[in-house]
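Participant: There's a structure below that I have some questions on.
The values are calculated or read from the model by the stated rules, or taken from the named source; none is laboratory data. If you're wondering where the values come from, they're calculated on a predicted model, not measured in any experiment. Cβ placement follows ideal geometry from the backbone for every residue including glycine, while neighbour counts extend to all protein chains displayed.
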Amino acid sequence: MERRTLFDRARGALVLAVVAGHSVAIVGAPAGPRARGALVLAVVAGHSVAIVGAPAGPIERVFEGAYLIRMPALLLISGALLSFRPLAAEVRAIFTRLAPAYLAGAAAATLVTLYLSGDLAIRIFPPPWALWFLLTLATLRAATSLFPNRNLALALAVAAALVASVIQLPGYLSLHRTATLAPLFVFGVWFGAARLEAITLRIGFVRGAVLVAASLLAGMAMISFAELPQTVLEWRNPLTEYGHSPLFAASASTALLLAALVGSLGIIAMIARVRSSRWLEWCGKESLVIYLGHILIFSVIRASIEPNGFDDATRLLAIIGMSFVGLLFPIAVLLCARWLRRSALRDKQIEVRR
């Protein structure tokens, strides 16, 4: 009887552990949404630079180096804030939230191209322009849910990144970028929001700034040493395409990813030490709408202007103006949606009173 009781207890504990591993939600720590909001704003500014071009000199070097940290940090914090759910629930969340946003962006990009050039170029897979991030995020969220064991998920992500460092993966589903950046997302899941905030708060603002500077210097030194173009930081191609051996390509890609991880932790630590901001927290909460909205506006601007004749002052003003407009549009959409929801709720309350 005692033996059976112990067996039942062990079986019950095992069942609870499995259920917890599949269904426990990682509660977003206060600094998490704030960091994601700040990083989304940095992405908006970065995309405006990509369209207009950075002013020459030190500012150009800073903007180029930001590629090393900006998207990796956004993936890291997105993984940390992920609710660890079963695959079915995760796929349902992807198809009800990320998929409609992605398809809306792809349709808008197609309409912009049709209106401005007369060419009907329907591009869904591979993704048009900056929509690759939504595909990467959806793919990694679904893949992570397949492996509740986070150590196994991290090992598989590192293996995928090593393969992508020497082999060009297809552009469909943005597979190459997804595989290359997978370790950063899974690192975020592995840390969890609470642990990541504890680590970044312990790092502090000053040491975070030192980590960011060190990662940028290391990344730029690696690129200069290997005679690589700056486009390597867009994570689209393996380093073997630039004439390097597979061993060197794997080593250099690993070094760049480590630099990106260190810089991401540094920038999140700096944001975590900034005084709490409802504005940044709101941007983090509505990051999907802001990301999609700025892509819609920037797609029109990108196809309409020719920035080659801009001087440095004009470029800087254009970057500021585009960042403002790219942020203003999704904010206006969100405010209109909130007004419509409140109007519908008010009408329903009036009907109930009648």
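Participant: If you scan segment 114-127, which residues turn out to be surrounded by 15 or more Cβ atoms within 10 Å (Cβ to Cβ) and at pLDDT 70 or above?
Facilitator: Pro126, Pro127
Participant: Would you confirm whether or not segment 309-320 contains a residue that is in a helix (DSSP H, G or I), touching a Phe, Trp or Tyr at 6+ places or on another chain (Cβ under 8 Å) and at pLDDT below 80? Even if it seems obvious, please write down each step before you answer.
Facilitator: Narrowing segment 309-320 to residues in a helix (DSSP H, G or I): 309, 312-320.
Filter once more, keeping what is touching a Phe, Trp or Tyr at 6+ places or on another chain (Cβ under 8 Å): 318.
Still in the running and at pLDDT below 80: 318.
Looking for residues that are in a helix (DSSP H, G or I), touching a Phe, Trp or Tyr at 6+ places or on another chain (Cβ under 8 Å) and at pLDDT below 80, one finds at least one in segment 309-320, hence yes.
Participant: Restricting to segment 215-271, count the residues that are in a helix (DSSP H, G or I) and more than 15 Å from Val166 (Cβ to Cβ). Step through it out loud before you land on a result.
Facilitator: So in segment 215-271, the residues in a helix (DSSP H, G or I) come out as 215-225, 230-234, 239-242, 246-271.
Right, trim to more than 15 Å from Val166 (Cβ to Cβ) and you get 215-225, 230-231, 233-234, 258-271.
Residues flagged as in a helix (DSSP H, G or I) and more than 15 Å from Val166 (Cβ to Cβ) within segment 215-271 amount to 29.
Participant: Six or more apart or on different chains, Cβ under 6 Å: which pairs go from a residue in segment 37-54 that's more than 14 Å from Ile305 (Cβ to Cβ) to one that's of a type in the set (S, T, N, Q) and modelled with pLDDT of 85 or more? Could you list them?
Facilitator: If the second residue must be of a type in the set (S, T, N, Q) and modelled with pLDDT of 85 or more, the pairs left are Val40/Ser287.
Participant: Could you list, ordered by first residue, the pairs with Cβ atoms under 9 Å in which the first is in segment 203-216 and within 19 Å of Ala252 (Cα to Cα) and among the polar types (S, T, N, Q) and the second is surrounded by fewer than 16 Cβ atoms within 10 Å (Cβ to Cβ) and at pLDDT 90 or above, at least 6 apart or interchain?
Facilitator: If the second residue must be surrounded by fewer than 16 Cβ atoms within 10 Å (Cβ to Cβ) and at pLDDT 90 or above, the pairs left are Ser215/Leu258.
Participant: Another question, then. Are any residues in segment 144-154 at pLDDT 85 or above and surrounded by 14 or more Cβ atoms within 10 Å (Cβ to Cβ), and if so, which ones?
Facilitator: Listed by number, the residues that qualify are Thr144, Ala153, Leu154.
Participant: Looking at segment 243-289 only, could you name the residues that are surrounded by fewer than 22 Cβ atoms within 10 Å (Cβ to Cβ) and under 14 Å from the mean Cα position of the chain (by Cα)?
Facilitator: Result: Leu261, Lys285, Glu286, Leu288, Val289.
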